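**Student:** Sharing a structure below in structure tokens format, with a few things to ask.
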Amino acid sequence: MSAGREVIDQDARLDGSDGLAELTGLIRRVVAGRVDSREAVDDIVQETVARLLAASHRLDGRAVGPYAVVTARNLVASQWRRADTGMRHAHRLFDPRAAVAPDEALLEREEAEAIRSALDRLSPREREVLLAHEVHGRDTRSLADELHSTPGAVAAQLSRSRAKLRVEYLIELDREPPTGQCRPVLLSLSAGDKRRQSELDAGYHLLDCGYCAALSEPLFDRRAAAAPDEVRVAVEVDADIVVVRQRGRDLAMQAGFSAAEATMIATAVSEIARNIVRFARRGEVTVTVATDGDATGVTVVARDAGPGIPDIERALEPGFTTYGGRGLGLPGSRRLMDEFVIVSDVGRGTTVTMTKWRR
Amino acid sequence: MAEPELDDESELDDVERAAPRDDHRLLPALVAHLREHRTELREEWERRIETTHLLQAMTPHEVGSETTSVYDNYVEVLETGSVDALQRYARDLSERIIPRGVETHEVVGIVLLLRDVLARSLFLKYHDDFDVLNRVLDAYEPAANRIANTVAVSFVEERERIIRQQQDAIRELSTPVLQVRERLLILPIIGVLDSQRATQLTDQLLRGIRLNRARVVVIDITGVPDIDTTVANHIVETVDASRLMGASVIITGLSPEIARTLVTIGVDLSKMNTIGDLQGGIEEAERQLGFHVTRSEDS
Amino acid sequence: MFVSILRQGDFLIASIHTALDDTELLRFQEDLVTQIGTSRAQGIVIDVAALDVLDSFASSALRDLAQMARLRGAATVIVGIQPDVAFAIVRLGMELDIHTALGLEEGLAYLESVTSGNRAGGSALGALRGVDR
Ligand SMILES: [Zn+2]
């Protein structure tokens, strides 16, 4: 617990490679204090950093450190569980765990029940719009017309409802939260609402509340987070660049951006997706609707496990190029978007996170 | 609770007076009661609206006709459980009264008043049998809150929509793109340019170029007192984007202050076609258009 | 077909009909340069109206194409850049360094103006007008 307090005082942020290096050191301290094997520490630190980067654009600056700490702790705990089972079954020739697969039908029933209960916790209006969109396939534009609203507002509402549904679903599968603070904190994390996280001091709560610490992880789980207001494209070949920028533009339009702004977003997506193809060969680009208080925007995250960028400052200078291009990819994307963070670890990979807010 | 203002001694038939014992019969009985006493309950509600000084922007006649509709819609929601019709009506009502300056708290206020007027009437009707009263109120309260919520949300949304519309209209007006002759556009910018307006302006100009198939654009910034570097950059970007679309840009009315700002941010003014005043700019534009018939202006 | 290249008098009119990925763009570049050689065209119009994104790679490809064309004796004009695309190119920081025109007609007029005197054949613009109107 004391390790976590330190983080908050440092006001850890992921604004650049320095912030990440600091955080990595902290994560290492947390993990090394609990795990003996050097390799296991390395593995857990890496996995923590990877998850942190995936979630960081949805976290308030002050919640980044605490989230890193609880994620590391969660991973250590699951490592112990695995090691424990591994030991007990080490003498067997086959892994019996595969054979005792849970009763799938029962599992499905439980999940369906949880989803139903979670839906009940939404307001009738939230539920109605969410179901119309998800189940009946209504698009945001037609819903907006019907609700006398804008596609952007509907998209933002859907995003909030989905965030709420995720929280309620997880609570349903677990138990009622121990404190009154838990639900709002989990909701702010799920929605990626940084302003609310800061108001609630979500970081402090995560460190103090084991319940929320445990739930914060599945909350950021990629599958749980996958939704129609999220575009996720594996990027490997030229053609993927075209696909991801087109889908990025569609999402931006859906979120209420003007055609001019959507074109800027699509252009920025195109540039960073090309960097993946050129330098890392393989990676992933996600585009999500972002909310911060009343503001709606679009966040683009490009991730690869390529060679990394040794000198980020230089890579951000216009004209710096390593493949005979015009060196406008990164600096140009930064100009096209409102927020731009690049984190790169040589030999490990690069993550570019950029956001544009609607005016 | 309150002084019995309501006349509940009116003649009721036996079915009505008999307390409904089955829960599924509660709401129908309740609805029948509210229908039967429609006139006096509505009048009571109007009196309350008046004494609380709500809806003062509306005439008593207008209030009367709206309260009748709201009352009927209200009862209909209780009966059918569907808020659709009420929602439609609430939006329609909002659209009518928002321009009159009716505020959100007033709309919410009158719906809550109606909720309470009806609750009191139910209280008086069933106060003999506490068990039934409880069940009636249990059935009534959630429905009534849902109604209040529906009306409030509809009103707020309608208000936001109207405000947005007005803002759009104002923005349209503040950056007119004028076509003075074929293929020549003039964009007079007047007033303070902020980032949002600058973006709007670019958007309109670039679309205007395509729509009017413009070859030359004169941007007159005589009416701009001052610009910051962000907006100055934006103007430069607009000039470059216009060129990419195939139109050349002449800037007129550049004050020494703005010229200095442009130079400070590294704009090469010799690459921008700047002319002293609008008249000179238009003449230059016409000269360019004349030349274009036979040869290109740049090579 | 994603791209069409038509001959119009002394000029080639190349139209891109859909979003092209990098490889397709380079192939287009190559095809067009080859055709300039075989057709001895004096100028090329590249119609990019269908492109909803012109990023740094596409801009470079067009610029390189224009330079290769010039080495082969042909002038280049890009036409049909969409308003939103034009602004994004500028914001990205690209300088296209190629002559641009609003549409096909303006592009051909430009080519006629810069190549007049060199050309033997009739007016491509005239031919186009004859077809169009
Ligand atoms: Zn908690």
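**Student:** Sorting A:154, A:242, B:70 on the 10 Å Cβ count, fewest up front, what's the list?
**Tutor:** Details: A:154 26, A:242 19, B:70 22.
Result, fewest neighbours first: A:242, B:70, A:154.
**Student:** Please list, short to long, the whole-number percent of alpha-carbon pairs of the stretch A:228-355 in consecutive 10 angstrom bins beginning at zero.
**Tutor:** 14, 48, 31, 7, 0
**Student:** Can I ask one more? Taking θ = phi - 60°, what integer Hz values does the Karplus form 6.51 cos²θ - 1.76 cosθ + 1.60 yield along the stretch C:44-61, in sequence order, with x for Gly and Pro?
**Tutor:** Each residue of the stretch C:44-61 in turn: 10, 10, 10, 8, 10, 4, 7, 7, 9, 9, 10, 8, 5, 5, 5, 4, 4, 4 Hz.
**Student:** Then there is this: Can you give the calculated 222 nm mean residue ellipticity of chain B, where each DSSP H run of n ≥ 4 adds -39,500 (n - 2.57) and the sum is split over every residue, rounded to the nearest 500 deg cm²/dmol? Walk me through the intermediate numbers first.
**Tutor:** Working: 11 runs with 190 residues, N = 299.
Here the helix-only value at 222 nm equals -21500 deg cm²/dmol.
**Student:** Taking springs between alpha-carbon atoms closer than 10 angstrom, which of C:102, C:71, C:25 fluctuates most in the Gaussian network model of chain C?
**Tutor:** C:71
**Student:** FRET efficiency for residue A:134 and residue A:29, Cβ-Cβ distance as r, R0 = 41 Å, nearest 0.05? Mind showing how you got there, number by number?
**Tutor:** Values: r = 43 Å, r/R0 = 1.04.
So, using R0 = 41 Å, E works out to roughly 0.45.
**Student:** Magnitude of the Cβ-charge dipole of the stretch B:178-289, K/R +1 and D/E -1, about the Cα centre, nearest 20 debye?
**Tutor:** Dipole about the Cα centre, nearest 20: 500 debye.
**Student:** How large is ³J(HN,Hα) for each residue in the stretch B:54-65, as worked out from phi by the Karplus curve 6.51 cos²θ - 1.76 cosθ + 1.60 (θ = phi - 60°), to whole Hz, x for Gly and Pro?
**Tutor:** Once rounded to whole Hz, the list reads 8, 6, 6, 6, 10, 6, x, 5, 4, 4, x, 6.
**Student:** What is the average number of partner chain Cβ atoms found within 10 Å of a Cβ in C:49-61?
**Tutor:** 6
**Student:** Put +1 on the Cβ of each Lys and Arg and -1 on the Cβ of each Asp and Glu in chain B; which of B:87, B:111, B:254 then has its Cα farthest toward the positive end of the dipole?
**Tutor:** It is B:254.
**Student:** Any idea what the dipole of the stretch A:15-78 comes to, in debye rounded to 20, about its Cα centre with Lys/Arg Cβ at +1 and Asp/Glu Cβ at -1?
**Tutor:** Once rounded to the nearest 20, the dipole reads 240 debye.
**Student:** Oh, and also: Roughly what would the spin-label model give for residue B:163 and residue B:179, points 7 Å off Cα along C-beta, in nm?
**Tutor:** Rounded to a tenth, the inter-label distance reads 3.7 nm.
**Student:** Using the number of other C-beta atoms within 10 angstrom as an exposure proxy, rank A:212, A:182 with the fewest first.
**Tutor:** Least crowded to most crowded, the residues run A:182, A:212.
**Student:** Further question: Using +1 at the Cβ of each Lys and Arg and -1 at the Cβ of each Asp and Glu in the stretch A:108-219, identify which of A:158, A:180, A:115 lies farthest towards the dipole's positive end.
**Tutor:** Result: A:158.
**Student:** Under a crude label model (7 Å from the Cα following the beta-carbon direction), how far is residue B:141 from residue A:311 in nanometres?
**Tutor:** 7.1
**Student:** Lysines near residue A:194 by alpha-carbon distance under 30 Å, same-chain residues fewer than 8 away left out - which ones?
**Tutor:** Leaving aside lysines fewer than 8 places away in the same chain, those within reach of residue A:194 are A:164, A:356.
**Student:** Let me ask something else about it. Mind sorting A:271, B:44, B:79 by how few other Cβ atoms lie within 10 Å of their own Cβ, fewest first?
**Tutor:** B:79, B:44, A:271
**Student:** Let me ask another. Say each of residue B:103 and residue B:134 gets a label point 7 Å from the Cα, pointing the same way as Cα to Cβ; how far apart are those two points in nm?
**Tutor:** 4.0
**Student:** If I take R0 = 45 Å and measure r between the Cβ atoms of residue C:40 and residue A:43 in this structure, what FRET efficiency does the formula 1/(1 + (r/R0)^6) give, to the nearest 0.05?
**Tutor:** 0.10
**Student:** Residue B:129's amide H: which non-local residues (gap 5+, or another chain) put their own amide H closer than 5 Å, with H modeled 1.01 Å from N in plane and none for Pro or chain starts?
**Tutor:** The list, which skips near neighbours in sequence, is empty: none.
**Student:** Using the scaling law 2.2 N^0.38 Å as the reference, what is the normalised Cα Rg of chain C?
**Tutor:** Ratio of Rg to 2.2 N^0.38 Å for chain C: 1.00.
**Student:** Inverting the mean 1/r over all pairs of different Cα atoms, compute the Kirkwood radius of the stretch B:15-142 and quote it in Å.
**Tutor:** 15.5
**Student:** Can I ask one more? If I fit a long axis through the Cα atoms of helix B:278-292 and take the longest principal axis of the Cα atoms of chain B, what angle between them do I get, 0 to 90°, rounded to 10?
**Tutor:** Approximately 70 degrees, to the nearest ten.
**Student:** Considering chain C as a Gaussian network with a 10 Å cut-off on Cα pairs, which listed residue, C:90, C:79, C:114, attains the greatest mean-square fluctuation?
**Tutor:** Looking only at C:90, C:79, C:114, the biggest GNM fluctuation is shown by C:90.
**Student:** When you look at the Cβ of every residue in B:232-244, what mean number of other chain Cβ atoms sits within 10 Å?
**Tutor:** 5
**Student:** Sticking to Cα atoms, compute the Rg of the stretch A:15-78 to one decimal and its Dmax as the biggest Cα-Cα distance, whole number, in Å.
**Tutor:** Spelled out, the Cα radius of gyration and Dmax of the stretch A:15-78 are 11.0, 32 Å.
**Student:** In terms of modelled amide H atoms, which long-range or inter-chain residues lie less than 5 Å from the amide H of residue B:248?
**Tutor:** For residue B:248, the qualifying residues are B:216, B:217.
**Student:** Under 17 Å from a point 7 Å along the Cα-to-Cβ line of residue A:142: which residues of the stretch A:253-273 have their amide N that close?
**Tutor:** Backbone N within reach: A:254.
**Student:** Report Rg/Rh for chain B, rounded to two decimals, where Rg is the Cα radius of gyration and Rh the Kirkwood radius.
**Tutor:** Here the Rg-to-Rh quotient is 1.33.
**Student:** What is the dipole size for the stretch C:3-129, taken about its Cα centre, with +1 at each Lys and Arg Cβ and -1 at each Asp and Glu Cβ, in debye to the nearest 20? Intermediate results must be reported in sequence, preceding the final value.
**Tutor:** Working: 9 positive and 16 negative charges, 115 e Å.
The calculation lands at about 560 debye.
**Student:** Ok, one more. Calculate one ³J(HN,Hα) per residue across the stretch A:71-76 by plugging θ = phi - 60° into the Karplus curve 6.51 cos²θ - 1.76 cosθ + 1.60, and present them in order as whole Hz with x for glycine and proline.
**Tutor:** For the stretch A:71-76, the Karplus-derived couplings read 5, 4, 4, 4, 5, 4 Hz, x marking Gly and Pro.
Only the coordinates and a few stated rules stand behind these numbers; no lab work does. Predicted model only: the values in this text are computed from it and were never measured. Cβ: placed from backbone, ideal geometry, glycine included. Neighbour counts: every protein chain shown.
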